[in-house]
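The values are calculated or read from the model by the stated rules, or taken from the named source; none is laboratory data. Treat the numbers as computed from the prediction; the structure is a model and nothing was measured. Every residue, glycine as well, gets a Cβ built from its backbone with ideal geometry; the counts of neighbours run over all protein chains shown. Ligands, DNA and RNA are excluded from the accessible area calculation, which covers all protein heavy atoms including side chains. Shrake-Rupley method; radii C 1.70, N 1.55, O 1.52, S 1.80 Å.
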Amino acid sequence: MTSEPDLLPLLRDRRSVRTYDSSHVLTDAEVRVLLEAARWSPSAGNSQPWAFLVGRRGDDAHRRFVPLLAPSIRRWAPSASALLFALHQVASGPEVDALGYSDYAMYDLGQAVAHLSVQAAAMGLAVHQFAGFSHEGVAEVAGVPRHWRVTTGLAVGLGTVSDLVPRTRRPLAELAYGARFGEPADFV
């Protein structure tokens with residue numbers, strides 16, 4: 001792992017764990033703090049086009065969500081303290097002819113999830129984002145209105161890093177360009 005001197009340890013050391021302490025319980029206050037972090041993230045025009053479904057291990061929501069996970073996700077995610085599903089708004093209302101919503105809603109949701117993830121790291125918690133689940137099933141089970149889309153899932157809890165391979169990232173030269181796409185910026 002490259003250790004950049006100015007990178008916050010919360011960001012540098014973040015991991016997507018697959019081993020959670022199945023006895024750890026997130027308190028109401030901890031869940032609220034995580035969601036507050038998401039709520040205070042930036043959004044286009046302060047539209048805040050995101051929502052979260054929350055199922056804590058052992059509650060009815062969790063019991064309904066777990067069978068909708070892909071088998072590969074179901075092997076580890078249910079032991080996390082909570083399963084969250086992130087949603088973004090896609091239309092102005094539930095009507096069939098409703099106008100499309102902001103082109104930036106998914107981007108804004110991504111920022112909200114990033115803020116939640118950093119807050120979780122600051123609280124000593126791990127977040128593993130995943131897409132392996134029945135998006136339509138979650139929407140149906142939770143009664144999500146037609147002008148919202150279930151986007152991603154998040155397993156949140158007290159994790160361990162023992163099962164992880166070394167963390168790597170592409171070099172900056174492969175993602176930071178100057179005037180032309182594909183040509184690394186001068187500072188990289």
- Query: Restricting attention to the stretch 166-174, does a residue exist that is under 27 Å from D28 (Cβ atoms) and not aromatic (F, W, Y)?
  - Reply: no
- Scanning the stretch 40-99 residue by residue, those charged (D, E, K, R) and not in a loop (DSSP other than H, G, I, E, B) turn out to be R56, D60, R63, R64, R74
- Message: For the structure I just gave you, tell me whether L158 is at pLDDT below 95, open to solvent by 40 Å² or more (accessible area, probe 1.4 Å) and within 29 Å of Q48 (Cβ to Cβ).
- Response: yes
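To keep it simple, each residue is scored yes or no on (1) surrounded by fewer than 15 Cβ atoms within 10 Å (Cβ to Cβ); (2) of a type outside the set (F, W, Y); (3) within 18 Å of A120 (Cα to Cα).
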position: V33; (1), (2), (3): no, yes, yes
position: S43; (1), (2), (3): no, yes, no
position: L53; (1), (2), (3): no, yes, yes
position: A61; (1), (2), (3): no, yes, no
position: S72; (1), (2), (3): yes, yes, no
position: A77; (1), (2), (3): no, yes, yes
position: L84; (1), (2), (3): no, yes, yes
position: A91; (1), (2), (3): no, yes, no
position: G100; (1), (2), (3): yes, yes, no
- Could you tell me which residue of the stretch 142-163 is nearest to L109 (Cα to Cα), considering only residues that are assigned to a loop (DSSP other than H, G, I, E, B) and among the aliphatic types (A, V, I, L, M)? V144
